[in-house]
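Step one of this worksheet: look at the structure below.
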Amino acid sequence: QVHLVQSGGGLVQAGGSLTLSCKASGFIVRANALHWYRQAPGEQRELVASISVPGRTNYADFVKGRFTISRDNAKNTVYLQMSSLKPEDTGVYFCVTELSRGTVWGQGTQVTVSS
């Protein structure tokens, strides 16, 4: 079976840092693009960062310079390192990949940034 299992997240003060992990099973992360989305309360889900098969990264303007997406092929895991966090970064973060069998979502991880 194909799964994305997330870990990390939690409560942090503004200016702090957190790292989210997304461990894949049932497929190889380096063979697929993977994305991080987030959803704030009452808001639509929005794309935060992506990493392509060759390892190219892309970021939403609102996280550029603060967030870093990376991949550990040996651990079959993708990470989202978040620094200089702001209260507006609060939300549920999801890792996502598109496979031939369909889209696979992680279970979501709450990130709360206090002011």
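The values are calculated or read from the model by the stated rules, or taken from the named source; none is laboratory data. Source: prediction; values computed, not measured. Don't worry about glycine lacking a Cβ; one is built from the backbone with ideal geometry, like all the others, and counts go over all protein chains shown. Please note that ligands, DNA and RNA were not included when accessible areas were found on the heavy atoms of the full protein model with its side chains. Shrake-Rupley method; radii C 1.70, N 1.55, O 1.52, S 1.80 Å.
A few notes on this one:
- Region 98-115 - phi-based ³J(HN,Hα) in whole Hz, Karplus 6.51/-1.76/1.60, Gly and Pro as x: 10, 10, 4, 7, x, 8, 10, 10, x, 7, x, 9, 7, 10, 10, 10, 8, 8
- Each of V12, G55, T109 was placed along the dipole of the chain (beta-carbon charges, centred on the mean Cα), and the one lying farthest toward the positive end is G55.
- Heavy-atom accessible surface of the chain, averaged per residue, reaches 52 Å², computed with a 1.4 Å probe.
- The chain, relative contact order in percent, only Cα pairs under 8 angstrom and at least six apart counted: 36 percent
- Sequence of W36, W105 from largest to smallest accessible area, 1.4 Å probe: W105, W36
- Among D72, D61, D89, the largest mean-square fluctuation in a Gaussian network model of the chain (Cα springs under 10 Å) belongs to D61.
- Computed accessible area, T19, all protein chains, 1.4 angstrom probe, square angstrom: 70 Å²
- Placing pseudo-labels 7 Å out from each Cα toward the beta carbon at W105 and I28 gives an inter-label distance of 2.8 nm.
- To the nearest 10, the accessible area of V5 is 80 Å² with a 1.4 Å probe.
- Assigned charges on the beta-carbon of Lys, Arg, Asp, Glu; the chain dipole about Cα centre (debye): 340 debye
- Among 97-103, 81-87, 7-13, the order from most to least packed when residues are scored by Cβ within 10 Å on average: 81-87, 7-13, 97-103
- Accessible carbon and sulfur surface of the chain relative to its total accessible area, %, 1.4 Å: 48 percent
- For V104, net neighbour charge (Lys/Arg +1, Asp/Glu -1) across residues whose Cβ lies under 13 Å away: +1
- Remark on T90: its backbone amide H falls under 5 Å from those of V113, a criterion applied only to residues 5 or more positions apart or on other chains, H modelled at 1.01 Å from N.
- Cβ charges +1 (Lys, Arg) and -1 (Asp, Glu), total dipole of region 7-68, debye: 200 debye
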